[in-house]
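Scroll down for the structure; my scribbles are underneath it.
The values are calculated or read from the model by the stated rules, or taken from the named source; none is laboratory data. Model, not experiment: these values are computed from the prediction. All Cβ positions, glycine included, derive from the backbone under ideal geometry; neighbour counts span all protein chains shown. Ligands, DNA and RNA are excluded from the accessible area calculation, which covers all protein heavy atoms including side chains. Shrake-Rupley method; radii C 1.70, N 1.55, O 1.52, S 1.80 Å.
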Amino acid sequence: GARWPEGTIDLMAEMLTEGTKQHRGTAFAAAMQGHGGELKFSVLADALIASGQTLNHQLKPYLGLVSEALTSPEFGSKAANSLQKRWSAHLKNLSTRPTSIGARVLNRVMYGANHPYGSPGPTMQTIHKINTRHMRSAQQAALSLAGSTLIVVGDVDSATLIETVRAVFGKQL
């Protein structure tokens, strides 16, 4: 069986920007904004995508916050409950759209329930079964910076970028 309820990875990804052990709760968003940065995590069937932006001179503190989000998320219960309510409303909306229903059923039939492409993310049956313990377990098991790909576009020279990435992430890469 599954290690955690279906859709746990999706909720975990959204929780990564809802506070870290160093910047609890809304302090994370405030720190990110203070550095002129934005950060969002999204989930594909077989990948976690982090996307964001910051100002050139804020690259090091920005990457520090990205590292915090990936390696030491807070997974606060208040933020998790709010996220579950938003997802429940979203799932209710999707349940009225034939194309959404069809896509979920087609992927499940084509790939099977135990394949990443066959999992539609959270469902109405699993959304409230997911707890912060599941999210923490998924984060520890599913996230590894080693082997990740970093793509940077903008006004930063490669030597400075490499030096900054090594300084921030060190042995995690």
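For PHE75, the conditions (1) over 21 Å from VAL168 (Cβ atoms); (2) more than 16 Å from the chain's Cα centre (by Cα); (3) at pLDDT 95 or above; (4) not basic (Lys, Arg) are fulfilled apart from (2).
If the condition is being out of contact with any Lys or Arg (no Cβ under 7 Å at 6 or more places or on another chain) and open to solvent by less than 40 Å² (accessible area, probe 1.4 Å), then region 152-169 contributes LEU161, VAL165, PHE169. Any residue at all in region 29-42 that's closer than 30 Å to VAL152 by Cα and touching a residue at least 60 places away in the same chain (Cβ under 8 Å)? Checking region 29-42: not a single residue is closer than 30 Å to VAL152 by Cα and touching a residue at least 60 places away in the same chain (Cβ under 8 Å). Look at region 108-130: where a residue is closer than 19 Å to MET12 by Cα and exposed (fewer than 14 other Cβ atoms within 10 Å of the Cβ) and a partner is modelled with pLDDT of 85 or more and of a type in the set (A, V, I, L, M), sitting 6+ places away or on another chain with Cβ atoms under 7 Å, you get MET124/LEU91. Screening region 132-151 for residues that are surrounded by fewer than 11 Cβ atoms within 10 Å (Cβ to Cβ) and of a type in the set (Val, Ile, Thr) and picking the one that is nearest to THR71 (Cα to Cα) gives THR149.
Any residue in region 136-146 that is within 16 Å of ASP10 (Cα to Cα), touching a Ser or Thr at 6+ places or on another chain (Cβ under 6 Å) and part of a loop (DSSP other than H, G, I, E, B)? Looking through region 136-146, none of the residues is within 16 Å of ASP10 (Cα to Cα), touching a Ser or Thr at 6+ places or on another chain (Cβ under 6 Å) and part of a loop (DSSP other than H, G, I, E, B). If you go through region 147-173 and pick out every residue that is assigned to a loop (DSSP other than H, G, I, E, B) and either of a type in the set (D, E, K, R) or in contact (Cβ under 8 Å) with a residue 40 or more places away in the chain (or both), you end up with 4. Across region 78-100, the qualifying residues are those that are among the hydroxyl-bearing types (Ser, Thr, Tyr), without any contact (Cβ under 8 Å) to a residue 40 or more places away in the chain and closer than 17 Å to GLU6 by Cβ, and the one among them that is most open to solvent (accessible area, probe 1.4 Å) is SER95. All conditions but one from (1) at pLDDT 95 or above; (2) closer than 23 Å to THR149 by Cβ; (3) of a type outside the set (Gly, Ala, Ser); (4) within 16 Å of the chain's Cα centre (by Cα) apply to LEU70; the one that does not is (1). The single residue among MET32, MET15 that is in contact with a Phe, Trp or Tyr (Cβ under 6 Å, 6 or more places away or on another chain), at pLDDT 90 or above and open to solvent by less than 70 Å² (accessible area, probe 1.4 Å) turns out to be MET15. Counting only helices (runs of 4 or more DSSP H) that sit wholly inside region 1-79, those with at least 3 residues that are under 25 Å from PRO122 (Cα atoms) and in contact with a strand residue (DSSP E or B) (Cβ under 9 Å, 6 or more places away or on another chain) are 8-15, 59-71.
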